[in-house]
Amino acid sequence: MPVFQKACAAIIFIGILNFAVFVIVASRLGGDALNGKVEGGHYYLYGVRTESGHKVYTEVSESVFTHSKWHVYSLLVTWPLVMAAGFTRSRHKKRLSEMGGGF
């Protein structure tokens, strides 16, 4: 596999792994900071609570809130990279097969 294909595959793998970790952590914590709020020095994540199935605010520490916020920001960067890498990898693979250098 050419280096370019490996780089695209690595970006896709890391992005999907990042998303999976986010979903698991957000479901355990009860939401994420992007939809959360800060009121009077208290930090709240917003999302669906597993126990009730309803969307609620869940109070967390400042460090958990900050981690959640930065994890969401990382998704806003990695997910477009995953889509671009997937598209580019597919186009590159198609061109190689058209030129006779298929996989």
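Each value in this text was obtained by applying a stated rule to the coordinates, not by laboratory testing. Everything numeric here is computed off the predicted structure, so don't read it as measured data. Using ideal geometry, Cβ is built from the backbone for each residue, glycine included, and neighbour counts are taken over all protein chains shown.
A few notes on this one:
- Relative contact order computed over the chain (Cα-Cα under 8 Å; 6+ residues apart), in percent: 29
- Rounded to 10°, Cα long-axis angle of helix 3-29 versus longest principal axis of the chain: 20
- Region 1-23 versus region 55-99: alpha-carbon centroid distance in Å: 9
- With the charge dipole of the chain set up from +1 on Lys and Arg Cβ and -1 on Asp and Glu Cβ about the Cα centre, the Cα lying farthest toward the positive end among the listed residues 52, 34, 96 is that of 96.
- Region 1-84: GluC sites (Glu not before Pro) in DSSP loop, at most 14 other beta carbons within 10 Å: 51
- Rounded tilt (10° steps) of 62-98 against the dominant C-alpha axis of the chain: 20
- Summing charges over neighbours of residue 27, with a neighbour being any other residue whose Cβ is under 13 Å away from its Cβ, gives +1 when K and R count +1 and D and E count -1.
- Cross-link reach is defined here as a Cα-Cα straight distance under 30 Å, omitting same-chain residues fewer than 8 places apart; for residue 55 the lysines meeting it are 37, 69.
- Under a model in which nothing but the beta-carbon of Lys, Arg (+1) and Asp, Glu (-1) is charged, the chain shows a dipole of about 620 debye around its Cα centre.
- Available extension along the chain between residue 77 and residue 61 is 3.3 nm, counting 0.36 nm per residue and deducting the alpha carbon span.
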